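Below you'll find the structure, written out as structure tokens, and then a few comments.
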Amino acid sequence: MSEPLPPAPLWRRLIAAVYDGLLLLGLWMATVLIDAVLRNLAGIPYDWATLQLCVFLVWLGFFGWFWTHGGQTLGMRVWRLRVQRDDGRALSWAAAATRCAVMLAVWGVVLAPALARLPHLRDGAHAGIVALVCALLAALMLIGLYADRRRRAPQDWLSGTTIVELPKPPKT
């Protein structure tokens, strides 16, 4: 029986997330372009809610498809990471959707303090309190990640998954 794979370090996860974020940004740009062209050709008025739904579905489809088909996005493949269920099997679509939903909330909490500094948000009545609470939550999530021996984030805990670091391929 083979040894279990080691948990992925945070720095590798973040670099893979940046890589995937750039790929996803390109897909979103294509989605917005296709939406604009189709609406213009059909004479349909612009609808922000429909575009948001399309962008969300592209996001869910991107991560969901890669995670259910091998457990690796393109960024994860480059950095030799794989998401898998706690029993080692590939994710189901339900686990991938759960993981995506929680991941969206986690990134919202992590980015909220920086977003609260934007000029049109920082003058809001509760911007400082929201930023402080989100910064504290982000710190707690980071402590939890390092306290867990498998380095699981909230999206891992709630979806029953873990991100592992794959071994280097043998040199030929």
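The table for this structure:
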{"quantity": "Overall Cα dimensions of the chain - principal axes, largest extent first, Å", "calculated": "61, 43, 31"}
{"quantity": "Separation in nanometres of the label points that stand 7 Å from Cα toward Cβ, at Leu60 and Glu3", "calculated": "4.0 nm"}
{"quantity": "Rounded to 10°, Cα long-axis angle of helix 10-42 versus longest principal axis of the chain", "calculated": "30 degrees"}
{"quantity": "For segment 161-172, 3J(HN,Hα) per residue [Karplus equation, 6.51 cos²θ - 1.76 cosθ + 1.60, θ = phi - 60°, Hz, x = Gly/Pro]", "calculated": "10, 8, 9, 10, 9, 7, x, 5, x, x, 6, 9"}
{"quantity": "Convex hull volume per residue for segment 1-85, taking Cα atoms only, in Å³", "calculated": "104 Å³"}
{"quantity": "Packing rank of 141-153, 118-130, 71-83, 95-107, where each peptide gets the mean count of other beta carbons within 10 Å, highest leading", "calculated": "71-83, 95-107, 141-153, 118-130"}
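Each reported figure results from applying straightforward, stated rules to the coordinates on display, with no laboratory input. Model, not experiment: these values are computed from the prediction. Note that each Cβ is placed from the backbone with ideal geometry, even for glycine, and that neighbours are counted across all protein chains shown.
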